[in-house]
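The values are calculated or read from the model by the stated rules, or taken from the named source; none is laboratory data. Quick caveat: nothing in here was measured; it's all calculated off a predicted structure. With ideal geometry, Cβ positions are generated from the backbone for all residues, glycine too; neighbour counts draw on all protein chains shown.
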């Protein structure tokens, strides 16, 4: 299967590192021009350099903005009025005892993980439907289905994102535009490495440490290792392609079998 996104432009939020950066790199490798977003220009410059290092002829732009606010979103719209592919990857996570989560924290998680995506879809979807082609991908999590007791606010936000995806897919019905969510499982990022070593022997080499972590703390994973960001990106690139034209309104899993269900 040859995926060719030449001539398409893709906005990837939260793309200065981790999964977002891997997605942007994958899309650039398929020929798309990519727009990286984040709050800090310096980190975005480093991310753009990383994309160009992996894909030497890549077309890469950056927009420094806070997409949790309407003002930040307006900065993005001014720089990038229209998009063929929108990947809502921006998100925050953290553990908190359930009864200690404050109203402000609930609102922050909703604003960051849900409303930022809704806001961008509301802006970019009409242009996609108008041209008869477009792709919207919302990066969700296994926590949307298997709600973590220590991260209820995070799980709530990702569950809401599944509903957002399904609802906007109905809005785009018959227009040649697909809207899907991607359910990512436990993934290897810098922050996760620190988290793993908080729970397992710090003297273990990484490949052993992550397997020990999965065995003790994520035993339901069938992969029995953390997922690499590039593996998440592979699915996103496919769902952004012409080949995925019949997949819409779906919650597609790339979770290493973490969710113990034959359905999403």
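Is it fair to say residue 210 is modelled with pLDDT under 95 and surrounded by fewer than 21 Cβ atoms within 10 Å (Cβ to Cβ)? Taking the combined requirement at face value, the residue does not satisfy it. Only residues that are surrounded by 22 or more Cβ atoms within 10 Å (Cβ to Cβ) and not in a loop (DSSP other than H, G, I, E, B) were counted in the range 169-186, giving 8. Among the residues of the range 145-168, those that are part of a loop (DSSP other than H, G, I, E, B) and buried (at least 20 other Cβ atoms within 10 Å of the Cβ) comprise 145, 151.
One residue alone among 204, 239, 223 is crowded, with 20+ Cβ neighbours inside 10 Å and farther than 29 Å from residue 101 by Cα, and that residue is 239. Of all residues in the range 127-144, those satisfying the criterion of being within 21 Å of residue 37 (Cα to Cα) and either at pLDDT below 95 or part of a helix (DSSP H, G or I) (or both) are 127, 128. Counting the residues of the range 209-241 that are over 20 Å from the mean Cα position of the chain (by Cα) and not in a loop (DSSP other than H, G, I, E, B) gives 9.
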